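Notes to accompany the following structure.
Please treat every number below as a calculation from the coordinates, not as lab data. If you're wondering where the values come from, they're calculated on a predicted model, not measured in any experiment. We place every Cβ from the backbone using ideal geometry, glycine too, and count neighbours over all the protein chains shown.
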Amino acid sequence: MKKKEINKLTKSQAIKDIDKFKKDLFNFRFQKSNGQLTSPSKIKESKKTIARLKTLIERKFNA
């Protein structure tokens, strides 16, 4: 997700996206261990997106 897209999300949408990206990250790690992962950069990008979403929730909604 792009930063502009993340900033437009509501709290509930951000939480749903975090869950989705955590599931994706789990699947990517599983694929990596089996040697089936085609693009290892997906793991890094998923981690960064999860961190961005968590930061958004902390800044916008808990301030």
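Listing for the model above:
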| item | result |
| --- | --- |
| Complete set of residues in the stretch 1-24 that are in contact (Cβ under 8 Å) with a residue 40 or more places away in the chain and under 15 Å from Lys42 (Cα atoms) | Met1 |
| The stretch 28-46: number of residues that are over 13 Å from Lys2 (Cα atoms), surrounded by 14 or more Cβ atoms within 10 Å (Cβ to Cβ) and not aliphatic (A, V, I, L, M) | 3 |
